[in-house]
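The values are calculated or read from the model by the stated rules, or taken from the named source; none is laboratory data. Please read these numbers as outputs of a predicted model, since none were measured by experiment. Ideal geometry is used to build each Cβ from the backbone, glycine not excepted, and the neighbour counts take in all protein chains shown. Remember, those area values only see protein heavy atoms, side chains included, never the ligands or the DNA or RNA. Shrake-Rupley method; radii C 1.70, N 1.55, O 1.52, S 1.80 Å.
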Amino acid sequence: MNRLAEIRKWVILIIIGFLLFWVYQYFSKKEDTSTVEYNTALIQQQIKNVGKLVVTEGHFAEVLTYKDDKKYLGSLISFEKKALVVVNADVTVGFDLSLIEYQIDSVNKVLTIIKIPKEEIKISTDLKYYDTESSRLNEFTGEDYNKIAKIAKANIAKKVANSSLQKNAKNRLISELSKLLIITKTMGWKLQYDGEILDQEADLNRKIKG
């Protein structure tokens, strides 16, 4: 009888031990899931924080001389029209980071940037005409003004390409994206872009600027 009671006691202890172990595993697993969800939500919030329009502004100016000849009688007679045009332009180079594409791997703790939006260059020109000369046989028309505006915009675009404006815009882009690098490293995650794990801002700089 005593032996039977002893066996019962051990069976009860084993069952209690099993239940305690199960409860511990259940709550431990639940806590880990909560941590993963919290980390994922934190990274998503950080992406949302950098998901804004990063804009760098610049001002450019130039003087454009426009000439056009209308010839008659096999070029024996010509009528010229010309104008001195002062061009002022406000230029913005921006990255709309709300369009950034990414993937979160919560199991392996990797944030992958799939696609960074291309830069958007906007040129707003203001043209002032001076020393305009023309004749009745070769007057200025709407076509001329459209042509001048097109030439002016193309010239400003070349100046922008040869300036530091785009470089400065990319520096601001890198500065914003580096916030993702900081948060992932702080949380023990990894940041990946273009098939490479980025460990420091220099890696990000190399990848974006090429």
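For the residues 79, 140, 95, a 1.4 Å probe over the protein chains yields an accessible-area ranking, largest first, of 79, 140, 95.
Hull volume per residue, based on the alpha-carbon atoms of region 38-117 and their convex hull, is 129 Å³. What region 46-192 shows is 60 Å² of accessible area per residue, with the surface traced by a 1.4 Å probe over protein heavy atoms. Over the Cα atoms of region 122-177, the radius of gyration divided by the Kirkwood radius equals 1.23; this is the Rg/Rh ratio. Calculated over region 71-121, the projected area of the Cα convex hull averaged across directions stands at 7.9 nm². Remark: C-alpha extents of region 170-210 on the principal axes read 26, 21, 12 Å, sorted largest to smallest. The trypsin sites (Lys or Arg not before Pro) of region 119-178 that meet both conditions, a loop assignment by DSSP and at most 15 other Cβ atoms within 10 Å of the site Cβ, are 136.
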